[in-house]
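Report on the structure given below.
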Amino acid sequence: MNFIEARKLVHEYFRRDEEGNVEGITTALDQVDLGIKPGEFVAVLGHNGSGKSTLAKHLNVLLRASGGTLWVDGKDTLDENYLWDIRQNTGMVFQNPDNQIIAGVVEEDVAFGPENIGIPTDEIWERVERSLKSVGMLQYRGHSPNKLSGGQKQRVAIAGVMAMEPKCIVLDEPTAMLDPSGRKEVLDAVEALNREKGVTVILITHYMEEVTGADKVYVMDHGRVVMQGTPRQIFSRVEELKSYRLDVPQVTLLAHGLKKAGLDIPAGILTRQELSEVLCRLYGEEGKNPEDTLTG
Amino acid sequence: MIRDITIGQYYPSNSIIHRLDPRVKLMGTLTYVLSLFLFRGLAGFAAVTAGLAAVVKLSKVPFRYMVKGLKAIAAILAITVMFNLFLTPGEPLVSVWKLKITEEGLKSAGFMAVRLSYLILGSSVLTLATTPNQLTDGMEKSLRPFRRIGVPVHEVSMIMSIALRFIPILIEETDKIMKAQLARGADFESGNLIKRAKAMVPLLVPLFISAFRRANDLAMAMEARCYNGGEGRTKMKPLKYKGRDGVAYLLIAGYFAGIIMLRVWM
């Protein structure tokens, strides 16, 4: 059974004038179908305004559908009775690290979620320790969040979600405000959670480099899911991705260009390693380190 | 310059005052403030001074740290002293032009100055020796009875702790906006008071907008983490009384009884 199942999900925002009359309707989600299995690492890609953040808020029932159905863990999100259950089981990490940390001390912030769901004190301490450890932030437990870097703050936010022991974690552009090293820190932490703890991860982003490790990728544009498949399937359709205003990774772009120029290169190259191996095979430079061929 | 503002300033130490339960410290501060307005005469003054000195000594917070707090109220202090000095009726000691200083005025000015500065010094021990989180926790718990009459105690203390967390973030933001406006030719420093107040508008408008946006984001993040008000919430660090807290309550009661007795007898 799918952990998250959406059928013809629709969300409409109403634009109102000053008297509150409806001026216009923006369809942020338009007939979205999703099927995400437990333990999967799923990426949702899309340009600004593609509806990907709206989708994220639906998974945590911060928004409710205007049409269609969404089941999370077998529970209908329109059913009021399941609200807190779903929120507990699908944690959410937002874009701005500063605006989601509530307490003035790292460990107290991580404890905020468990406190809300009424976990006994002793177990809160255990959970805080475990989840801080899982994102590698245990040594900062007594620090003030204001003194941490962006990547560290975002890892604290992830630990805060993990302390509620959710089955799934939704990350809404968690790296958009971080520098490259912070971005890597956060992604490594998320991938480790998926691999080691079997947590279902839904990563929403517009950086294509971040989705190469995903099991499945959805591409959204104007509220619709326009492409879906494995990263390799998605990345082999370079022209189509460009039409949705997404930046294809440099390596994939280079491979695509070489292929168009007539070289025998397979579609959907994801990493530098892959491309250099293909090039080496083509030019028969066995025994030479493929990395050297590409950089040298 | 804007970074000099310190609210909820905590001085880390491991003194006995630091380790006391925040409820004890709140009660103690309240009692102390009451005693400041109850004491009379030199004996009362001596008792209050002894009490303050003992607590300051026990807290291990350097005295100059506390005196810093007095600078903030220097103007108020000066004005109060002046009013008391010149406007108290009685036998004039010195009189210059229309102003006269009376003996009673001198006395009441002196006591007023002492009361105000002791007030600041004493309550600064509370904030210097208690983390903001403990303070709000203590308030939430001691004010719990007021929930019966519809005071949103949990909500207020949650608001306070969030406010404390966001002070440094908003200060940083103010700094950023100020620099951005300066870079575009804004002038915050020159001109008269009205002109300077007007110059603050381009600073305050973006600050408010950003604060509202942050509040919106934060509310969403709290909801996503199952925040549902105070009902059914547990605590990571629940407040528990220890032996030393009982002793402290006894000492506070003894101190207060002493002040009252001095007032009655003198």
Considering only region B:238-259, state which residues are more than 14 Å from chain A (Cβ to nearest Cβ) and more than 19 Å from B:V33 (Cβ to Cβ). B:Y241, B:K242, B:G243, B:R244, B:D245, B:G246, B:V247, B:L250
Within region A:75-85, take every residue that is assigned to a helix (DSSP H, G or I) and more than 10 Å from every other protein chain (Cβ to nearest Cβ) and give me the one that is surrounded by the most Cβ atoms within 10 Å (Cβ to Cβ). A:Y82
For region A:113-124, what are the residues that are at the interface with chain B (Cβ under 7 Å from one of its Cβ atoms) and either assigned to a helix (DSSP H, G or I) or of a type in the set (D, E, K, R) (or both)? A:G113, A:E115, A:N116, A:T121, A:I124
Quick one: in region A:89-112, of everything that is facing chain B (nearest Cβ under 8 Å) and of a type in the set (V, I, T), which residue is surrounded by the fewest Cβ atoms within 10 Å (Cβ to Cβ)? A:V105
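State which residue is surrounded by the most Cβ atoms within 10 Å (Cβ to Cβ) when the search covers only region B:142-173 and only residues that are more than 13 Å from chain A (Cβ to nearest Cβ) and β-branched (V, I, T).
Here is the first cut: in region B:142-173, the ones more than 13 Å from chain A (Cβ to nearest Cβ) are B:142-153, B:155-156.
Cutting the leftovers down to β-branched (V, I, T) gives us B:149, B:151, B:153, B:156.
Numbers: B:I149: 6, B:V151: 13, B:V153: 18, B:V156: 15.
Only one residue tops the list, namely B:V153.
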Out of (1) more than 14 Å from chain B (Cβ to nearest Cβ); (2) over 30 Å from A:G268 (Cα atoms), the odd one out for A:A157 is which? (1)
Can you say whether B:V94 is closer than 30 Å to A:V105 by Cβ and more than 14 Å from chain A (Cβ to nearest Cβ), as far as the supplied structure shows? no
Quick check: is even one residue across region A:35-57 under 28 Å from B:M236 (Cβ atoms) and of a type outside the set (G, A, S)? yes
Which condition does A:N289 not pass, out of (1) modelled with pLDDT under 85; (2) in the same structural domain as A:E173 (by TED's automatic domain parsing), if it passes all the others? (2)
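Take B:K235 and decide whether it is surrounded by fewer than 11 Cβ atoms within 10 Å (Cβ to Cβ) and within 14 Å of chain A (Cβ to nearest Cβ).
Numbers: surrounded by fewer than 11 Cβ atoms within 10 Å (Cβ to Cβ): no; within 14 Å of chain A (Cβ to nearest Cβ): yes.
When the stated conditions are applied, B:K235 does not pass them.
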Flagged pairs (Cβ under 7 angstrom, 6 or more apart or on separate chains; first in region A:180-209, farther than 24 Å from A:Q228 by Cα; second basic (K, R) and assigned to a helix (DSSP H, G or I)) are A:E185/A:R155; A:V186/A:R155; A:A189/A:R155
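What number of residues within region A:258-276 satisfy the criterion of being part of a helix (DSSP H, G or I) and closer than 25 Å to A:Q228 by Cβ?
Step one: of region A:258-276, the residues part of a helix (DSSP H, G or I) are A:258-260, A:272-276.
Cutting the leftovers down to closer than 25 Å to A:Q228 by Cβ gives us A:259-260, A:274-275.
Summing the residues that are part of a helix (DSSP H, G or I) and closer than 25 Å to A:Q228 by Cβ in region A:258-276 gives 4.
Give the number of residues within region B:42-66 that are hydroxyl-bearing (S, T, Y) and over 18 Å from B:N14 (Cβ atoms). Outline the logic, then answer.
In the first step, residues of region B:42-66 are kept if they are hydroxyl-bearing (S, T, Y); the result is B:49, B:59, B:65.
Filter once more, so that each one left must be over 18 Å from B:N14 (Cβ atoms): B:49.
Residues flagged as hydroxyl-bearing (S, T, Y) and over 18 Å from B:N14 (Cβ atoms) within region B:42-66 amount to 1.
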Look at region A:184-213 and say how many of its residues are closer than 17 Å to A:F3 by Cα and of a type in the set (S, T, Y). 1
Number of the exception - B:L218 against (1) on the phi < 0 side of the Ramachandran plot; (2) at pLDDT below 90: (2)
Go through A:G67, A:G91 for me and flag whichever is at pLDDT below 90, assigned by TED's automatic domain parsing to the domain that holds A:D188 and not polar (S, T, N, Q). A:G67
Tell me which residues, restricted to region B:20-75, are loosely packed, with under 14 Cβ neighbours inside 10 Å, among the small types (G, A, S) and under 16 Å from the mean Cα position of the chain (by Cα). B:A72, B:A74
Condition check: of a type in the set (D, E, K, R) and modelled with pLDDT of 90 or more. Does A:D122 satisfy that? yes
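Identify all residues within region B:201-228 that are more than 9 Å from every other protein chain (Cβ to nearest Cβ) and within 24 Å of A:D98 (Cβ to Cβ); write none if there are none.
Restricting attention to region B:201-228, the residues satisfying the condition of being more than 9 Å from every other protein chain (Cβ to nearest Cβ) are B:201-212, B:219.
If the condition is that a residue be more than 9 Å from every other protein chain (Cβ to nearest Cβ) and within 24 Å of A:D98 (Cβ to Cβ), then B:P202, B:L203, B:L204, B:V205, B:P206, B:L207, B:F208, B:I209, B:S210, B:A211, B:F212, B:A219 are the ones that fit.
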Test B:E140 against the criterion of being assigned to a helix (DSSP H, G or I) and in contact with a His (Cβ under 7 Å, 6 or more places away or on another chain), and give yes or no. yes
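Quick check on region B:107-117. Is at least one of its residues assigned to a helix (DSSP H, G or I) and within 14 Å of another protein chain (Cβ to nearest Cβ)? Spell out the reasoning first.
First pass over region B:107-117, keeping only residues assigned to a helix (DSSP H, G or I): B:107-117.
Narrowing further to those that are within 14 Å of another protein chain (Cβ to nearest Cβ): none.
No, the conditions are met nowhere in region B:107-117.
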Being part of a helix (DSSP H, G or I), modelled with pLDDT under 85 and not hydrophobic (A, V, I, L, M, F, W, C): is that true of B:R196 here? yes
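Restricting to region B:161-203, count the residues that are within 25 Å of the chain's Cα centre (by Cα) and without any contact (Cβ under 8 Å) to a residue 12 or more places away in the chain.
4
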For the list (1) touching an Asp or Glu at 6+ places or on another chain (Cβ under 6 Å); (2) assigned to a loop (DSSP other than H, G, I, E, B), I need the number of the one condition that A:N99 fails. (2)
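Out of A:R245, A:R232, I need the residue that is closer than 30 Å to A:V135 by Cβ and outside any strand (DSSP E or B). Which one?
Values: A:R245 fails: closer than 30 Å to A:V135 by Cβ.
Step by step, each of A:R245, A:R232 is checked, and only A:R232 is closer than 30 Å to A:V135 by Cβ and outside any strand (DSSP E or B).
The values are calculated or read from the model by the stated rules, or taken from the named source; none is laboratory data. Remember, predicted model here, so these are calculated numbers, not experimental data. Because the Cβ atoms are built from the backbone with ideal geometry, glycine has one as well, and the counts that use them run over all protein chains shown.
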